[in-house]
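The values are calculated or read from the model by the stated rules, or taken from the named source; none is laboratory data. A quick note: this is a predicted structure, and the numbers were derived from the prediction, not measured. Calculation scope for accessible area: heavy atoms of the full protein, side chains included, ligands and nucleic acids excluded. Shrake-Rupley method; radii C 1.70, N 1.55, O 1.52, S 1.80 Å.
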Amino acid sequence: MNLKSYYQNKLNQAIHKNKSIQKRILQISLLRIAIFILGFIAICYGYNQSGTIIGGIVLATLIPFLLLVKLHNRLYHQKDWHETSIRHYQAELASLENDNSAFDGGKEWIDASHPFSLDLDVFGDSSVFQMLNRTSTPLGKETLSHWLRQPLDKKKKIEERQQAIQELSIYNDFRETFRITGCLNKDHETGMKDLKAWIASPSVFLQKRSNQWICWAVPCVNILLFTLGMLNIISMSWFSLIFCSFAIASSKLIRKITRIQESYNKTLKMLSTYVRLIELADKQTMESPLLLSLKGEFESHGKKASEVIGVLAKELYRLDLRNNLILYALLEGSMFWQLRQMLRIERWKEEHGTHLLQWLEALGQLDAFCALGTFSFNRPEYTYPIITDKPFVFRAKDMGHPLMSREQCVTNDVNIPQRPYFLIITGANMAGKSTYLRTIACNYILACIGAPVCCSSLEIYPAHLMTSLRTSDSLANNESYFFAELKRLQQILERLKNGEEMFIILDEILKGTNSLDKQKGSLALVKQLLKLKANGIIATHDLLLGNLKQHFPDEISNHCFEADIENDELTFSYKLREGIAQNMNACFLMQKMGISIE
């Protein structure tokens, strides 16, 4: 399948449908205005007629007007859908060109103390998370970030994830509909805090029994007076007077209900979107155990989540009708609408509020799975790794960095066959050492969350990843660069001593000290790591580390990235070679920049 053609066709269809909907919205708006004007004129001319005639005019105007309001709202929802679809397909087309700026990068999870996320650009702009993130709910975003921050370390769980992601990768219509539907809600970020606050808050309107009596009495009085007026037993003026009195009396509730609506409306309105997402999940056939388990969550406690939450969503939508001045006057005068709706909403909360969070957590997991399913669909050349329970194995063929464009990405192999074992990578500046380390680590994370990886084949043993690639000074904690690096190395050693299985990736050990100390410390560290049965990769400019292979021939492997000088020009192949680096480029580059070296 040509992905660019696929998304471009979808985009063209969405643009065409959106233009058609906008034309219909304009037509309906003009028709509503015309009906309202005609009804007003008819009432003015027939004001002195019998109550039967006046009532007939009101009904003849009100019924089609309300039907057109309903149709108008439906068309606006369709317009929002197609506009969201357009943004979705435009973003996917840009992503194919390695531009993921339309997607949230999860900056809130950037954490220098995390074992690897800062080193590997897991979060932030141009990050792994931004590349993967197609979530459309706050809980989906949180779930996906949690998976990246704490990758799985059990073979069975990773394989179950792989199965779920592979299955979702072929459900294009479901995934796209799921994301577009979720993105229709602009108020997601209100978050779970406000939702929990609403569930825990007291039901202030239900506590007063008089409110329930009022909701029954107002429509009964209106029906009685309207019927008597239509039968010419009393004047219709009585009905009009009492109707207006009710509308005015209900205005005392406006401030209180508006305050409640403003406090929770953004959080509650997102439920109308979530119910549609759960309905989509209910209708989609799923086979993998994890996906079936999530679907089962939506039917727990003897209740179907989509139907139960759907009731609340409808009540919230109806409460919003009070924002239309015309409808407000009609609904309040006839039945005290806003009070009635608040009672309905609070009854729902009392009965179902305790199950709501569980349903939404399951929805968040499904959202995260859909994001990874889209990642798999957009990367058909990627492969799902083989997960082994033999510690330790990391064998990759043609591995590239998933954040690099397909045209620029240079692939390399990796082979760590046993425990303990370390790859020592030497090489010149800018030759590709750091990129190689990040390539391995990023694919390792993808593999351990169940996603496909950027290589032709990969076999791994899942262990806890720990890196030290981007240590920095901390002025706030009064820590030097060197001390910060020592703390990270100390964490690694302590976790190994506690029996934790780890995969360690280090770039230029002990950068913050002098050459002699650096050599002695680096050699001692590698020996200790091997003694603790660790596995990993170390990149260094210190060629003496390559001599460790003489002492540990079965546990050390030397590889390098070379810089080649041809015709007074520096060139890089970015291909991994066996052995210790022979060419260094610092002096050459300094001379090219006009810095004389004698």
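Just read off the accessible area of Tyr384 with the full protein assembly in place, 1.4 Å probe, to the nearest 10 Å².
50
For His77, what accessible surface area do you get with a 1.4 Å probe? Give it in Å², rounded to 10.
110
Hey, can you grab everything whose amide H is under 5 Å from the amide H of Ile386? Only 5+ residues off in sequence or another chain; H modelled, so Pro and N-termini drop out.
Here the answer is Leu458, Glu459, Ile460, since their amide H atoms fall under 5 Å of that of Ile386.
What are the ³J(HN,Hα) values, in whole Hz, obtained from phi via the Karplus relation 6.51 cos²θ - 1.76 cosθ + 1.60 with θ = phi - 60°, for each residue of the range 434-448 in sequence order, with x given for Gly and Pro?
5, 4, 4, 4, 5, 4, 5, 5, 5, 5, 4, 5, 4, 4, 7
Order the following by accessible area, largest value first: Val128, Val311. Probe radius 1.4 Å; ligands, DNA and RNA are ignored.
Val311, Val128
In terms of the Cα gyration tensor, with a ≥ b ≥ c the square roots of its eigenvalues, is the range 361-405 rounded because a/c is under 1.5, prolate because a/b exceeds b/c, or oblate?
It comes out oblate by the Cα gyration axes.
Based on the alpha-carbon gyration tensor of the range 357-485 and its eigenvalue square roots a ≥ b ≥ c, which shape applies: rounded if a/c is under 1.5, prolate if not and a/b is larger than b/c, or oblate?
Oblate shape, in that a/c is at least 1.5 and b/c is the bigger or equal ratio.
Mind scanning Lys17/Lys107; Lys156/Lys533; Lys527/Lys575; Lys154/Lys575; Lys196/Lys303; Lys518/Lys575 and naming the pairs with a C-alpha gap bigger than 30 Å?
Pairs exceeding 30 Å: Lys17/Lys107; Lys154/Lys575.
On a C-alpha basis, how far is the centre of the range 352-375 from the centre of the range 23-39 in Å? Whole number, if you could?
Value for the Cα centre distance between the two parts: 41 Å.
How much accessible area does Asp125 have with a 1.4 Å probe, in Å² rounded to the nearest 10?
Here the accessible area works out near 100 Å².
Between the range 482-496 and the range 65-141, what is the C-alpha centre distance in whole Å?
Centre-to-centre distance over Cα atoms comes out at 37 Å.
Quick one: grab the alpha carbon gyration tensor of the range 1-153, order the square roots of its eigenvalues as a ≥ b ≥ c, and give me rounded if a/c is under 1.5, else prolate or oblate depending on whether a/b is larger than b/c.
Because a/c hits 1.5 or more and a/b exceeds b/c, the range 1-153 counts as prolate.
Using only the heavy atoms of the protein chains and a 1.4 Å probe, how would Ser456, Ser117 rank by accessible area, largest first?
Ranked list, largest accessible area first: Ser456, Ser117.
Cross-link candidates for Lys497: which aspartates and glutamates have Cα within less than 20 Å, leaving aside residues fewer than 8 places away along the same chain?
Partners within reach: Asp153, Glu485, Glu555.
Kindly provide the pair-distance distribution of the range 337-419 built from C-alpha pairs, with 5 Å bins from 0 and whole-percent values in order of increasing distance.
Values per bin, smallest distances first: 3, 10, 11, 12, 11, 11, 9, 7, 5, 5, 5, 6, 4, 2, 0.
For the full complex of protein chains and a 1.4 angstrom probe, list Asp389, Asp104, Asp507 by accessible area with the highest value first.
Ranked list, largest accessible area first: Asp389, Asp104, Asp507.
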